[in-house]
Structure formats: C-alpha cells, structure tokens
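First up is the structure itself, then whatever we jot down about it.
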Amino acid sequence: MRIISQLMQIPGVIAAGEYAYRGDRYSFEGNLSAEHARMASILCRSNTLSINMQSEIFSSFAEDCGCKPVQGWIVRGRDTSVCVVGNIFCFCQNTPGLLNDVMTIMRAKVGDIEENPLVYMYAKIGGDVNEKLY
Amino acid sequence: MSLDRLMQVPGVLAAFQYSDKGDLVAHQLREGTELTPQVLDLLAHTCVANMAVATLEARGWEALTGQAGFEPVQGFSLVGLDWSAVVGSNFGVVVRNRDADYEEAFSALGQCKS
C-alpha cells in the first residue's frame, strides 16, 4: 500500500500527497481539490528546499551536528498541522496522538524507524493488519 | 514554565529561549550533545524566519481556499537527520528523533511564557 493511502487510513488525516522535487508532478488523496493539491505541492517543495538550504548553513558552523540531511518539517496551526517528510506531505487535525502517529508513518518512509511501525500503527487503528498492509 | 521544565521533554538535547528577532536569550544543553550555543542561535533565527513564512502561507492558504484552522501558527519543527528542533512562543527544544514526542514538545512550549 502506498504511503499516502496508509496515511489516509488514519482517522483525522485530512489529505496526503506526494510531490516531485523537480517539475510540477504530484498526486494526492483526501479533502483537497486538484488545484489546492497543486498549490500545496508547490508550497511544500519550496519550504523543503529552503529548510535544506538552512541545514547547509548549520553544517558549515558545526559539521556532523546531526541536522543534515533534513528529513522534513512540521507547521502546527491552531486546529490543523502540516507535516512534510521527504517528498510526502500530510494535512492532519490536531487531535491528541495523531501528530506522533503521522510522523511515525512518514519517517518510516525515509527509513528512520527501525521497528515495523506500520504493523504497530494498523494494530492501533484496528482491523486486519495483514490485509491492509500486504 | 522554564528551561528546566523543557529539559524534561522526552528525548530533549537542548532547550532555549530566543527574542522576537531570533537572538538566543538563554539555553540549556544536555551533557554530551554536539550542539553548541552558536548552532542554537542559528536554529532560533531559522525558526523565527520559518514561523513568519508559515504565518504568511497559512494566511494566504486560508484566504485562497476558504479552509480555516491554520492560523494562528502555534509552532514549527525542523526534522533533521538525528534530531528535531521544535519551537513556539519564543522557546524551543531540540529532541532526538528516536525519542521524539512532538505533541508533548508542542504542548510544553505552548505553556511557556516569555
């Protein structure tokens, strides 16, 4: 199952998508129009590039300080958060526990989680874990 | 809420306070961390800038799409390779990614007063 579909299985996730680092290709699922998903993709790509540039500056002051390469970023709004890891973005509600779950799934995508977080996550959601994952 | 309290956030490597311009006002570092006050100062400036950009984007997004719930921006996190910087309301923490509890960090920062 694609990471976007996995994210959309989590209650409270509004929309999730994937954008290209170059060009204007994107895909998404959830409560966004195609035009808004296009805008979100551009916004997330722009911010990700900016933050990568900032981490280059950090590393020039403290090499191996543990920042570079940047995995992503989070903006915590009043009721909604935007999470980006790699080239995946996710809009989710600020319901208790949700942000940590979303970040666990998204960081697993870039190989930062050693355990099997997807099995753990689906076990929390309920239902047939094997059917949903495999 | 103080830096001492922020140092109790799970996985925290550093806690810091910064001015509206991003200058480092106070900080505490976990013993053994490779972070330095200079990196924290850069992080603070970065996070102030990113919070401002996020506010601009949130405001624009709400106006363009009609969706609400983004403004006011409560916090921002930069997720690095080994650690994440989480900031909000002139305070910030750096937490190890493997122990990171982002909600706890945002919640603790939300209780900080300058």
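Each value in this text was obtained by applying a stated rule to the coordinates, not by laboratory testing. Computed from a predicted model, the values in this text were never measured in an experiment. Note that each Cβ is placed from the backbone with ideal geometry, even for glycine, and that neighbours are counted across all protein chains shown.
Miscellaneous remarks
- Extent of the stretch A:40-112 along its three principal axes (Cα atoms, max minus min coordinate, largest first): 38, 24, 21 Å.
- For a paramagnetic label modelled on B:Arg5 (point 7 Å from Cα along Cα→Cβ), amide N atoms under 16 Å away belong, within the stretch B:73-114, to B:88-93, B:104-114.
- Quotient of C-alpha Rg and 2.2 N^0.38 Å, computed over the stretch B:3-110: 1.08
- Ascending count of other beta-carbon atoms within 10 Å, so fewest first, for A:Ser60, B:Ser77: A:Ser60, B:Ser77
- For q = 0.12 Å⁻¹, Debye-computed log10 I/I(0) when each Cα of the protein assembly as shown counts as one equal scatterer: -0.65
- Environment charge of B:Ala49, counting only residues whose C-beta is closer than 14 Å and scoring Lys/Arg +1, Asp/Glu -1: -3
- Neighbour-count ranking [beta-carbon atoms within 10 angstrom, fewest first] of A:Phe58, B:Phe91: A:Phe58, B:Phe91
- Global geometry of the stretch B:1-60, whether rounded, prolate or oblate, following the gyration tensor of its Cα atoms and the 1.5 cut on a/c: prolate
- Counting Lys and Arg as +1 and Asp and Glu as -1 over every other residue whose Cβ lies under 14 Å from the Cβ of B:Ala63, the net charge comes to -2.
- J(HN,Hα) series, the stretch B:98-105, from Karplus relation 6.51 cos²θ - 1.76 cosθ + 1.60, nearest Hz, glycine and proline x: 5, 10, 5, 10, 5, 5, 4, 5
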